Amino acid sequence: MPQPRVEGQGGLNILLVEDDDVDLMSVRRALNGRPAPHTVTVARDGREALAILRGEDGRPPLRSPYVILLDLNLPLLNGLEFLRELRRDPAHHRAVVFVLTTSDAERDRHAAYDENVAGYVVKSTLGHHFGPMLDLLEAYARVVSLP
């Protein structure tokens, strides 16, 4: 059974799909000093995230297993459009996705869960302290076998 950890270190392989510099900084700050080092790949919009997953633009595809942290409010291809495209892709339709967004709108939550996200976290519940979100991901990866 595959282990949900980065080789040899116990860290997660995370695709962070986020265009807000402050939130990117907050996530990176929360990652510093974690017991297990995590590998984080950043995509600034949904199109770039799909290219990373698929190994386009001359780079290898993102190594599996991975977890996606997805903002909904993105340029070019927003988070919900990205989710729909991801779920249609045979190579990535089982990806574990946690939405991490400013939107507390019920329609957005329902649309995200309709695309089988593992969780929906509203950023305002975290403030600029993303440690609890990483605690959740680490606990999730300890007990769930990632696809």
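Restricting to the range 92-147, and then to whatever is at pLDDT below 95 and of a type in the set (S, T, N, Q), can you tell me which residue is nearest to ASN13 (Cα to Cα)?
Residue satisfying both the conditions and the ranking: SER145.
Restricting attention to the range 77-122, report how many residues are closer than 19 Å to LEU136 by Cβ and either assigned to a loop (DSSP other than H, G, I, E, B) or free of Cβ contacts under 8 Å to residues at least 12 places away in the same chain (or both).
9
Based on this model, can you work out whether LEU134 counts as touching a helix residue (DSSP H, G or I) at 6+ places or on another chain (Cβ under 6 Å), surrounded by 16 or more Cβ atoms within 10 Å (Cβ to Cβ) and under 23 Å from ASN32 (Cβ atoms)?
Yes: the conditions hold for LEU134.
The values are calculated or read from the model by the stated rules, or taken from the named source; none is laboratory data. These figures come from a predicted structure and were not determined experimentally. Note that we place each Cβ from the backbone using ideal geometry, even for glycine, and neighbour counts take in every protein chain shown.
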